[in-house]
Amino acid sequence: MTLTRVDHQRRLELAHEVAVLLDGEAAAGAAAAALTPRAVNALLGTGFMNMGVAHELGGEQCSYREWADVIEEVSRGDGAAGWSLMATSSHAASFSSVLPDGGAAELYADGPPVISGMPAPRGHAERVDGGYHFTGKHQFASGSMMCDHFVAGGLVHEDGDLVFADNGMPEMIAVIVPRADVRETGNWDVSGLAGTASIDYEVGPMFVPEHLVVQVNPWPSKVYRGTSFWALGVEILGPLGHLAPALGVSRRALQEIAALAPQRRRRDGPYAPVGDQPHFQYELTRHVAELDAARLLFHDLLRELDAWTMNNDRPAPRELTDRTKLTARYVHDVAVRCVDFAFDWSGSAGLRSDGVIGRNFRDVHAMNQHIAVDRHNYIDAAPSVMAQLARGVADFHTGGPL
């Protein structure tokens, strides 16, 4: 069950109201390398942390597309705020579905937890009675300025030996620990997404009970509660979350340059304002069309993923995983081109540290560095793409299905 259209519309209106406030706080957040207290209070006060959480835990359990719409709009106000909300609210949503009952009851008793960090397997998890002895050094705790828990990933060991799953890969888990048990080590001096406070952190050595552990490889094939969308696994859910912030930031850049162009002109000759120049008009229109197409590709993918999870009780096929990876890479290619176009035409306005286009430029290029949207996504997806195209030729010649 999802919210009604009216309810979702109200959520989008609230996202826009908050985005306007976040826009005004963005420069101060970037300078401090963490969202300002006012920005944090605004984000937490919206209830957005609860929008994807399972009904059984008191959440709104909106659809992934509705969640992405909100993240996109918040990112239009400030990419760092949208990214931080993306990271923390996706943890709140996914863990509400895949945590064991004891962990869910503990973490969600007073509302959704705010969880920062990454489940990448940088830690060491020794299997012991009732849980794991865990230690590790980790990076990229986006949204750390507002979190109450951290998540950290690790490779599973037993009696000192690495444990392998049935798929031939090392077994991996993610532990969820209170902020008080984490050592925050900083190391977030960056040129883009500075306000996310995506710091390094250390966990353990400490015991983590089984009920606060999520299996990462293999990812749970069934959810305990909520929507089965969260059973799609990290190869899909990892890249998928990054698309909405990129779409929001690039949309804002095009809007900003469209508003700036009619007033911007060179003063050393009889040049027309930028907005009146046919070359600019051509490029702007082309980039808007490309961004709209990329967004439609994303939402078409979400419809296909929804259809799979509603009609199948098994992991998604390789083709859907590969389609997710290539879509994530393509959306970022388009987003970078759109923001670069706006920056190129903005003149000195794009250089201002407190300017929106310059902020968009720095943020989208930071987003583009994430491993989940690496250019190897295209290479990884190529066998599926080629096989699907070849089947199309075979069907055409044999009179097979469309």
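The values are calculated or read from the model by the stated rules, or taken from the named source; none is laboratory data. Computed from a predicted model, the values in this text were never measured in an experiment. In this analysis, Cβ positions are derived from the backbone assuming ideal geometry, glycine residues included, and neighbour counts consider all displayed protein chains.
Which of the following residues is within 30 Å of Pro170 (Cβ to Cβ), touching a Lys or Arg at 6+ places or on another chain (Cβ under 9 Å) and basic (Lys, Arg): Arg65, Arg122, Arg127?
Arg122
Ile257 fails exactly one of the following numbered conditions: (1) among the β-branched types (Val, Ile, Thr); (2) within 21 Å of Leu35 (Cα to Cα); (3) touching a helix residue (DSSP H, G or I) at 6+ places or on another chain (Cβ under 7 Å). What is the number of that condition?
Unmet condition: (2).
Condition check: surrounded by 16 or more Cβ atoms within 10 Å (Cβ to Cβ), over 24 Å from the mean Cα position of the chain (by Cα), part of a strand (DSSP E or B) and among the aliphatic types (A, V, I, L, M). Does Val177 satisfy that? Before you say what the answer is, go through the steps one by one.
On the way: surrounded by 16 or more Cβ atoms within 10 Å (Cβ to Cβ): yes; over 24 Å from the mean Cα position of the chain (by Cα): no; part of a strand (DSSP E or B): yes; among the aliphatic types (A, V, I, L, M): yes.
For Val177, the condition - surrounded by 16 or more Cβ atoms within 10 Å (Cβ to Cβ), over 24 Å from the mean Cα position of the chain (by Cα), part of a strand (DSSP E or B) and among the aliphatic types (A, V, I, L, M) - is not met.
Each row is one residue, and each column tells you yes or no for (1) touching a helix residue (DSSP H, G or I) at 6+ places or on another chain (Cβ under 7 Å); (2) among the polar types (S, T, N, Q).
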| position | (1), (2) |
| --- | --- |
| Asn311 | no, yes |
| Arg314 | no, no |
| Thr327 | yes, yes |
| Phe343 | yes, no |
| Asn360 | yes, yes |
| Asp374 | no, no |
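Would you kindly identify the strands (runs of 3 or more DSSP E) lying entirely within segment 181-237 that contain at least 1 residues that are assigned by TED's automatic domain parsing to the domain that holds Ala120 and either free of Cβ contacts under 8 Å to residues at least 12 places away in the same chain or among the aromatic types (Phe, Trp, Tyr) (or both)? Write out each step before concluding.
On the way: elements: 182-186, 199-209, 213-217.
Hits in segment 181-237: 199-209.
So Cys338 fits all but one of (1) surrounded by fewer than 24 Cβ atoms within 10 Å (Cβ to Cβ); (2) among the hydrophobic types (A, V, I, L, M, F, W, C); (3) in contact with a His (Cβ under 8 Å, 6 or more places away or on another chain); what number is the exception?
(1)
Keeping to segment 243-283, report how many residues are exposed (fewer than 15 other Cβ atoms within 10 Å of the Cβ), of a type in the set (Ser, Thr, Tyr) and modelled with pLDDT of 95 or more.
Of the residues in that region, 1 qualify.
Tell me which residues, restricted to segment 191-215, are closer than 30 Å to Val249 by Cα and surrounded by 15 or more Cβ atoms within 10 Å (Cβ to Cβ).
We begin by selecting, within segment 191-215, every residue closer than 30 Å to Val249 by Cα; these are 191-201.
Hits for segment 191-215 are Gly192, Leu193, Ala194, Gly195, Thr196, Ala197, Ser198, Ile199, Asp200, Tyr201.
Go over the candidates Ala390, Ala316 one by one and state the one that is of a type in the set (Gly, Ala, Ser) and in a helix (DSSP H, G or I).
On the way: Ala316 fails: in a helix (DSSP H, G or I).
Every option except Ala390 fails the conditions.
Check off (1) at pLDDT 95 or above; (2) surrounded by 15 or more Cβ atoms within 10 Å (Cβ to Cβ); (3) part of a helix (DSSP H, G or I) for Arg286 and give me the number that stays unchecked.
Of everything listed in (1) at pLDDT 95 or above; (2) surrounded by 15 or more Cβ atoms within 10 Å (Cβ to Cβ); (3) part of a helix (DSSP H, G or I), Arg286 misses just condition (2).
Quick one: which residue in Ala87, Ala81, Ala30 is over 18 Å from the mean Cα position of the chain (by Cα) and either under 30 Å from Val336 (Cβ atoms) or buried (at least 24 other Cβ atoms within 10 Å of the Cβ) (or both)?
Values: Ala87 fails: over 18 Å from the mean Cα position of the chain (by Cα); Ala81 fails: over 18 Å from the mean Cα position of the chain (by Cα).
On inspection, the qualifying residue turns out to be Ala30.
Across segment 342-381, what is the number of residues that are in a helix (DSSP H, G or I) and either in contact (Cβ under 8 Å) with a residue 12 or more places away in the chain or among the acidic types (Asp, Glu) (or both)? Steps first, answer last, please.
Narrowing segment 342-381 to residues in a helix (DSSP H, G or I): 342-345, 347-351, 356-367, 371-373, 376-381.
Narrowing the set further to residues that are either in contact (Cβ under 8 Å) with a residue 12 or more places away in the chain or among the acidic types (Asp, Glu) (or both) leaves 342-345, 347, 349, 356-367, 372-373, 377-378, 380-381.
Summing the residues that are in a helix (DSSP H, G or I) and either in contact (Cβ under 8 Å) with a residue 12 or more places away in the chain or among the acidic types (Asp, Glu) (or both) in segment 342-381 gives 24.
Would it be correct to say that Gly59 is under 18 Å from Ser116 (Cα atoms) and either surrounded by 22 or more Cβ atoms within 10 Å (Cβ to Cβ) or free of Cβ contacts under 8 Å to residues at least 12 places away in the same chain (or both)?
Values: under 18 Å from Ser116 (Cα atoms): no; either surrounded by 22 or more Cβ atoms within 10 Å (Cβ to Cβ) or free of Cβ contacts under 8 Å to residues at least 12 places away in the same chain (or both): yes.
No, not satisfied.
Tell me which residues, restricted to segment 215-256, are among the hydrophobic types (A, V, I, L, M, F, W, C), over 19 Å from the mean Cα position of the chain (by Cα) and over 23 Å from Val74 (Cα atoms).
Val223
Within segment 335-378, how many residues turn out to be under 15 Å from Leu193 (Cβ atoms) and of a type in the set (Phe, Trp, Tyr)?
1
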